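Where a number appears in this text, it was derived from the coordinates with a stated rule and is not lab data. This is a predicted model, so every value here is computed, not measured. As a convention, Cβ positions derive from the backbone with ideal geometry for all residues, glycine included, and neighbour counts pool all protein chains shown.
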Amino acid sequence: MCIGQKGLLKTYDAGKTWARFDTDSTRGVWAGHLLDSNNAWTMVYSGYVRRTTNSGSSWQWSTADTFGFELRDINFIDEHWGFIVGALGEVFQTYDGGSTWDLRPSVTQNDLNSIYS
C-alpha cells in the first residue's frame with residue numbers, strides 16, 4: 001500500500017502493477033497502516049480515521065473524537081489494539097479496532113511524526 005495526498009495505491013503482485021485504492025473520501029490521506037490482506041486504517045487530514053475489514057471494498061469512519069488534532073501516524077499491533085501519534089506529543093490509543101480512541105498522557109510536547117510497534 002502506498003499513501004499520498006490524492007489517496008492510496010495497492011498491489012497484488014509484489015509491486016509489478018498498482019491500482020488506485022478507493023477510500024471513499026474526498027479528503028487527502030495523511031497516513032495509514034495495513035495489518036493484513038483485509039484490515040487497514042487510514043487517517044485523512046483534520047484527524048479523521050477510517051477502517052476497512054474487507055480489503056478496501058468498503059470503509060467505515062471512526063466515531064472517535066480525534067477531529068481537529070494534527071495527527072501524523074497510525075499503527076496497529078493486531079485488529080483491536082492501535083495507536084495514533086501527532087503534533088505536540090499527542091498519543092491516542094484504541095482497544096476496539098479504532099471505533100473509539102482515548103487521548104493518553106504524553107511525556108513530551110514535541111511533535112511525534114511516526115510510530116512503529
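Highest mean packing comes first when the peptides 109-117, 89-97, 54-62, 36-44 are listed by Cβ atoms within 10 Å, giving 36-44, 89-97, 54-62, 109-117. If one puts a single equal scatterer on every Cα of the range 28-104 and applies the Debye formula without solvent, what log₁₀ I(q)/I(0) results at q = 0.17, 0.20 Å⁻¹? Summing over Cα pairs of the range 28-104 leads to -0.54, -0.75. So what is log10(I(q)/I(0)) for the range 62-103 at q = 0.13, 0.32 1/Å, when the Debye sum runs over its Cα atoms only? Values, matching the q order: -0.22, -1.20. The stretch between LYS16 and THR53 holds 10.9 nm of extra length on full extension. This uses 0.36 nm per residue minus the Cα-Cα distance.
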